[in-house]
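The values are calculated or read from the model by the stated rules, or taken from the named source; none is laboratory data. It should be emphasised that the depicted structure is a prediction, and the values quoted were computed from it without experimental measurement. Note: ideal-geometry Cβ built from the backbone for every residue, glycine included; neighbour counts use all protein chains shown.
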Amino acid sequence: MTINTAQLEALVLDDHLIIRQAIEKNLRNLGFTRIDMAADVAEAQEKLAAKKYDILFCDWLMPGKSGFALMQECRQDRAFDDVAFVMVTSENDKHHMIEAIKAGATAYIIKPVTPVTFQEKMVKVLEWLEKRRTTAQRTSGGAA
């Protein structure tokens, strides 16, 4: 893996502080240093408007607008084509997983999050990001 996790921008969206902190800890263990937090979708939208993120971790069920709805909206905007969306949720039935992947989730992690599961899923997310960047470089390099 050639991606430098210390250079990646991550946003963690969950209405529970303990979950945000657990995801942050797991990310730091993988070398991430640029991690922002949001407690609800409105706060996440403000942060997304102000900064480009590489990865967005979203809880599905939240007060007000759901993280799933935010992901659906973002996937309609081409600016988010290269952003990895990781659903981190207690929604553990297959229907929700399939719905999330169809809507554009890069990965799906069921709570409670264990460090081993988190790391396994993140390997796939980082591979996805690396592939997207390699494809983008080839495309832009070929156009120049």
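Hey, among the residues in segment 1-58 that are of a type in the set (Phe, Trp, Tyr) and under 15 Å from LEU70 (Cβ atoms), which one's nearest to the chain's Cα centre (by Cα)? Per the criteria, the residue is PHE57.
State all residues of segment 20-40 that are touching a strand residue (DSSP E or B) at 6+ places or on another chain (Cβ under 7 Å) and either free of Cβ contacts under 8 Å to residues at least 12 places away in the same chain or not in a loop (DSSP other than H, G, I, E, B) (or both); if no residue qualifies, say none. Answer for segment 20-40, where residues must be touching a strand residue (DSSP E or B) at 6+ places or on another chain (Cβ under 7 Å) and either free of Cβ contacts under 8 Å to residues at least 12 places away in the same chain or not in a loop (DSSP other than H, G, I, E, B) (or both): ARG20, ILE23, GLU24, LEU27, ARG34, ILE35, ASP36, MET37, ALA38.
Let's see how each residue does on (1) more than 12 Å from VAL12 (Cβ to Cβ); (2) modelled with pLDDT of 95 or more:
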| position | (1), (2) |
| --- | --- |
| ALA44 | no, yes |
| ALA50 | yes, yes |
| TYR53 | no, yes |
| CYS58 | no, yes |
| ALA69 | yes, yes |
| ARG75 | yes, yes |
| VAL83 | yes, yes |
| LYS94 | yes, no |
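Taking segment 99-121 as the range and being surrounded by 12 or more Cβ atoms within 10 Å (Cβ to Cβ), within 22 Å of ALA69 (Cα to Cα) and out of contact with any strand residue (DSSP E or B) (no Cβ under 8 Å at 6 or more places or on another chain) as the test, the residues that pass are GLU99, ALA103.
So that you can scan it fast, the table gives a plain yes or no per residue for (1) surrounded by 14 or more Cβ atoms within 10 Å (Cβ to Cβ); (2) among the β-branched types (Val, Ile, Thr):
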site: ARG34; (1), (2): yes, no
site: GLU43; (1), (2): yes, no
site: LYS52; (1), (2): no, no
site: ASP59; (1), (2): yes, no
site: GLN76; (1), (2): no, no
site: VAL83; (1), (2): yes, yes
site: VAL88; (1), (2): yes, yes
site: MET97; (1), (2): yes, no
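The numbered conditions (1) over 19 Å from GLN119 (Cα atoms); (2) in contact (Cβ under 8 Å) with a residue 12 or more places away in the chain; (3) not hydrophobic (A, V, I, L, M, F, W, C) are all true for ASP93 except (2). Look at segment 1-13: where a residue is without any contact (Cβ under 8 Å) to a residue 40 or more places away in the chain and a partner is surrounded by fewer than 15 Cβ atoms within 10 Å (Cβ to Cβ) and β-branched (Val, Ile, Thr), sitting 6+ places away or on another chain with Cβ atoms under 8 Å, you get ALA6/THR33.
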